[in-house]
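Rule-based calculations on the coordinates, nothing more; no lab input. Computed from a predicted model, the values in this text were never measured in an experiment. With ideal geometry, Cβ positions are generated from the backbone for all residues, glycine too; neighbour counts draw on all protein chains shown.
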Ligand code: DSN
């Protein structure tokens, strides 16, 4: 007798090939709602982006079925012929895009990529020096609540108190004092170009290893719009899903002399089976990064960020460092008498999605900081241009100024909705 439970046939062991909607209406509905949220809102989270349908197709493919521990040509499982092709292509494209001697595309995330570098290059208790989290760094750069600050002796450098810019002389001073084994350059809420070559000189002076985490700027680096750290750093990590516009994941680049140590740290040191469907999607993104329109896209991301910064400044907002050279803008809200948390919430209420963010030397705590971080990758992927970014700056200003006027907020919500309708996400 055939027994049906939630669309699933229990008479045999064959897969149920009904649609997701039929098999699991709850998950289907959450995905549909999320798709609508992405369409109906102005997503300004600097670390997010929209991927192409080709990337989504590769990510949603049968490659998810395959175990492939090891590396192309040296796996611990049979049947790896086709996934070997996929990973080899991903690695060779990654090397070409970033002009690297060696690429590892298996890290599941930027955090995993950084952990693999630590595992490869450090012993527990070694000293590391990274940018202070509250000054724009990242949890994995030595924060005390992260493994990087618990298994290693972590120290941090800060930005200049007046300009909020990185001051390489101050970094040099701290590096000489601390004598870390590894220095980390790279940030998640620093809106300016980072002089990776300057960091490399400091690292060489004290005999430290230089790790550059270019997670935020990888897309800009890929087409020469931000200095490429691959030539001057010992090791470079990144995510594939921020400005780079690929699937969610991580990657590592290094010189050939570190290749074996890095590969062994990723597998078997830290991870098991690679996510071959994600690696296929990364390969697609590397191919897309070599297409002619990609550089134009990244130029537009930068132009949109610069226009947004200028427009916000003109509306009386204080910008950390006074502006931006990248895809992100960090707004200090103290003169607007609103916290980052309240701003994030009221903006989301009208359909503008941002994230609260600490600003350097923030007098408030990390849970309710003084700033918000804005980014342009997603809006640019929808085709928005400077005129729309100027309009959005006005919408942000009006939302914050008129936050207690619900009729005005309704009107803003409608203007946000109209913009979203004109620039479909997909
Ligand atoms: N949390 C990411 C970001 O938003 O910058 C970095 O991991």
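The table below gives the values:
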item: Kirkwood-type radius of the range 14-84, with distances r between different C-alpha atoms, in Å; result: 15.7 Å
item: Ordering of 148-155, 208-215 by packing [mean C-beta count within 10 Å, highest first]; result: 208-215, 148-155
item: Whole-number D in µm² s⁻¹ for the range 12-155, Kirkwood Cα-pair radius fed into Stokes-Einstein, 4 °C, 1.567 mPa s; result: 67 µm²/s
item: Three-way shape call for the range 262-399 based on the alpha-carbon gyration tensor, with the a/c threshold at 1.5; result: oblate
item: Kirkwood estimate for the range 309-363, i.e. one over the average of 1/r between Cα atoms, Å; result: 11.8 Å
item: Gain in span if fully extended, residue 30 to residue 163, counting 0.36 nm per residue against the direct Cα distance; result: 43.5 nm
item: The range 72-193 - percent relative contact order, Cα under 8 Å, separation 6 or more; result: 21 percent
item: The range 378-417: C-alpha gyration tensor shape, a/c 1.5 cut-off, then a/b vs b/c; result: prolate
item: Cβ-based exposure ranking for 277, 108, 216, in which fewest neighbours within 10 Å come first; result: 108, 277, 216
item: Burial ranking of peptide ranges 112-123, 181-192, 64-75, 249-260 (average Cβ count within 10 Å, highest at the top); result: 181-192, 112-123, 249-260, 64-75
item: Relative contact order [Cα under 8 Å, 6+ residues apart], the chain, whole percent; result: 21 percent
item: Under the Debye formula (equal points on every Cα, no solvent term), log10 I(q)/I(0) of the chain at q = 0.14 Å⁻¹; result: -1.30
item: Sequence of 232, 223 once ranked by neighbouring C-beta atoms within 10 Å, starting from the fewest; result: 223, 232
item: D (Stokes-Einstein, µm²/s), Kirkwood Cα radius, the range 119-249, 1.567 mPa s at 4 °C; result: 88 µm²/s
item: Packing-based order for 280-288, 401-409, using average beta carbon neighbours within 10 Å, highest first; result: 280-288, 401-409
item: Relative contact order of the range 6-84, pairs being alpha-carbon contacts under 8 Å that are 6 or more residues apart, as %; result: 14 percent
